[in-house]
Amino acid sequence: QVQLVESGGGLVQPGGSLRLSCAASGNIFRLNVMGWYRQAPGKQRELVARIISGGSPNYADAVKGRFTASRDNAKNAVYLQMNSLKPEDTAVYYCNLVADTRIYWGQGTQVTVSS
């Protein structure tokens, strides 16, 4: 059984930074996509960033230049460094893994950007 465990959310002021981490455990197919989605209240879940194993990150336009996604394949981990945070970045952030035609989600971590 594959499990994703996220950490690193919290409350930050506008312009601040946070780093999210996600570790995957279980039997994971080597060729996979790991990434981050977010869901704000009353809105649909949307892609933030994703990285194909061995590839470069892809970002949503709203976070380009501010967020940086990275992964450690040896640890089956993915990270999201979020800089210059804005109130509109407030959402629950979900770690996502797509492997062997299956999709897995973490439990979500709250990020709140507010003064």
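The values are calculated or read from the model by the stated rules, or taken from the named source; none is laboratory data. Values in this document were obtained by computation on a predicted structure and should not be read as measured data. As a convention, Cβ positions derive from the backbone with ideal geometry for all residues, glycine included, and neighbour counts pool all protein chains shown. With ligands, DNA and RNA removed, areas are computed over all heavy atoms of the protein, side chains included. Shrake-Rupley method; radii C 1.70, N 1.55, O 1.52, S 1.80 Å.
Report relative contact order for the chain in percent, whole number only (criteria: Cα-Cα under 8 Å, sequence separation at least 6).
Values: 283 pairs, mean separation 42.3, N = 115.
Rounded, it is 37 percent for the chain.
Solvent-accessible area per residue for the chain at a 1.4 Å probe radius, Å²?
Working: 6420 Å² over 115 residues.
Value returned for the chain: 56 Å² of accessible area per residue.
Taking the Cα of residue 88, stepping 7 Å toward and past its beta carbon, and measuring to each backbone N in segment 1-34: which are under 19 Å?
Only 12-18 fall inside the zone, counting backbone N under 19 Å.
With a 10 Å radius around each residue's Cβ, average the other Cβ atoms per peptide and rank 101-112, 70-81, highest first.
Values: 101-112: 14.8, 70-81: 17.0.
Ranked from most to least packed, the peptides come out as 70-81, 101-112.
At 1.4 Å probe size, what's the solvent-accessible area of residue 46? Round to the nearest 10 Å².
80 Å²
When you have a sec, figure out the Kirkwood radius of segment 13-71 from all distinct Cα pair distances and drop it here in Å to one decimal?
Averaging 1/r across every pair of different Cα atoms and inverting gives 13.2 Å.
Multiply the residue gap between residue 25 and residue 101 by 0.36 nm, knock off their C-alpha separation, and tell me the result in nm, one decimal place. Don't jump to the answer; show the numbers that get you there.
Working: separation 76, 0.36 × 76 = 27.36 nm, distance 1.70 nm.
So the chain would gain 25.7 nm between residue 25 and residue 101.
Take the solvent-accessible surface of the protein heavy atoms, probe 1.4 Å, and return the percent of it on the chain that carbon and sulfur atoms account for. Before the final figure, lay out each step's value.
Numbers: 3030 of 6420 Å².
Carbon plus sulfur share of accessible area: 47 percent.
Which residues in segment 77-108 place their backbone N less than 20 Å from a point set 7 Å from the Cα of residue 2 along the Cα-to-Cβ direction?
Correct set: 77-80, 93-108.
Report ³J(HN,Hα) in whole Hz for each residue of segment 94-100, in order, from the Karplus equation J = 6.51 cos²θ - 1.76 cosθ + 1.60 where θ = phi - 60°; Gly and Pro get x.
10, 7, 9, 9, 10, 8, 6
Using the alpha carbon gyration tensor of the chain, what are the three equivalent-ellipsoid semi-axes (square root of 5 times each eigenvalue), largest first, in whole Å? List each step's numbers first, then the result.
Working: eigenvalues 112, 38, 31 Å².
Sorted largest first and rounded, they come to 24, 14, 12 Å.
Let's see if you can work this out: charge +1 on each Lys and Arg Cβ, -1 on each Asp and Glu Cβ, no other charges. What is the dipole magnitude of the chain about its Cα centre, in debye to the nearest 20? Provide the component values of the computation, followed by the final result.
Values: 12 positive and 7 negative charges, 21 e Å.
So the magnitude is around 100 debye.
Hey, can you rank 26-32, 39-45 by average C-beta count inside 10 Å, highest first?
Values: 26-32: 13.1, 39-45: 10.1.
Averaged packing, sorted descending, gives the order 26-32, 39-45.
Run the reach check for residue 64 against lysines, Cα to Cα strictly under 19 Å, same-chain hits fewer than 8 apart removed. What comes back?
Here the lysines satisfying the reach criterion relative to residue 64 are 86.
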